[in-house]
Structures are given as C-alpha cells and as structure tokens.
C-alpha cells in the first residue's frame, strides 16, 4: 500500500492557477521601438483540486484577480510579482514547473479576429520559481516575465491568452529529486546542490526550501524536518 501511495503522485502535473492575460494595444507611430499599445492584463484565476493559490500580498490574504502590465516595450522583459501559498493541510509538496501558454486570440482595431501562423512565437513568458518546492502553509513570492517580439503583426490591435502555472505534486517536500520516493537518494541530491552552491555560487530553487533567495543551514534544517516527518508519518 505504501509503494502504491508513492507511485500515485509521481510525475503528476497539477495546473494550479490559470492567468488569462488580455493585452489591449493602441497604435502609436511615433514610437517605433515600443509596442504601439497600452498593455492591460485582465486576470481570471481558476484552481485545481490542490490548494496552491495566487495572491497579490505577501500575507496571502488578497486573492490575485488582475495584472496590469502597463506599456510594454518590444523585446524588453516586463515583470509582475505575486505570491503563491500552499494551503494543502497534508504532507504533500508541490514543485513549480514551467508555465504554459494557451488560447491565443488576436484582433484588429475593429475587433475582428486575426489568424496568426504560430501564436506563441510572439510571446515569451517565464516563471522565476521553476524547481521551487512548497510545503503546506508556505508562502513564496513569484515573478512572471513577459517578452513581446517585435515580429508581432502590425495589424494586431489587441490580443489575449492564458498562462497556466503548473506544479508537480510530490509525495513529500523531502522528495527533492522528484522521483516519487523519499529515501537516501534525496539526501545525496540535496547535499550535492548545497555543496555546489558554496563552491561555484550556483543557486538552486530546489535547495532554497525556505524561499529566502539565500541558501544556508536553515535550508538543511528544513530539509531534515521534512525528511524525518515523512518517515514518522509512515508509522
């Protein structure tokens, strides 16, 4: 039964938050290096069975309902920071993976839908927390970065698309190598990333378990607590 329980969560990807971004553009011929637009983001949030939600404040009390990107310069990254909270009371952990973009709609100035040969080629959206592991009750900041290509068709006056934030559901936040099991391999994996940080300066979201942006002994203690708690839960 324990082995079966471990396999249930292996590789399970949960779409946590669906962010629908609407970007309204206004032609502006005097600024050729700036997307002729005033960008507005209308954000609709939907949640899966998991309890990871997006908030606009660090206390995770104000649900995120809107993102306003403002004026966006072509090929220049624009960012929005928000907060994620894992309210799942169980011992499961969630590891952030790359977001996905869906449901692109382009319209001209008259509101007519424009066909685009490859919608996603005009946009790049990245999440700075890929690889980060969340445990029950934790709140962490997260930043989405949007880049709009200068190759976007000149007749586009408005567009919208959805951003899905995805997480792998883990059997425990101690499963740092995300193989669906908690064992000594996780200790080795954690130790390797930890040592690498202090020898080469390479930062790892996976090791920064308290999400402070700094890897130190507090992360070792946090990992140890997760590891011990998992085996204590087995009885």
Checklist entry - Which shape class, rounded, prolate or oblate, goes with segment 133-212 when its Cα gyration tensor gives a ≥ b ≥ c as root eigenvalues, a/c under 1.5 marks rounded, and past that a/b bigger than b/c marks prolate? => result prolate
Checklist entry - Per the Debye formula with a single identical scatterer at each Cα and no solvent contribution, what log10 I(q)/I(0) holds for segment 195-234 at q = 0.15 Å⁻¹? => result -0.39
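In what sequence do 221, 127 fall when counting other Cβ within 10 Å, fewest first?
Result, fewest neighbours first: 221, 127.
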Item to check | residue 76 versus residue 147: modelled label distance in nm, points set 7 Å from Cα along the beta carbon direction | outcome: 1.5
Checklist entry - Among 134, 91, which comes first, then next, by fewest other beta-carbon atoms within 10 Å? => result 91, 134
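Classify segment 47-202 as rounded, prolate or oblate, taking a ≥ b ≥ c as the square roots of the eigenvalues of its Cα gyration tensor: rounded when a/c is under 1.5, otherwise prolate if a/b is larger than b/c and oblate if not.
It comes out prolate by the Cα gyration axes.
Read-outs: derived from the displayed coordinates by stated rules, not from any lab. Everything numeric here is computed off the predicted structure, so don't read it as measured data. All Cβ positions, even for glycine, are placed from backbone atoms using ideal geometry, and neighbour counts span all protein chains on display.
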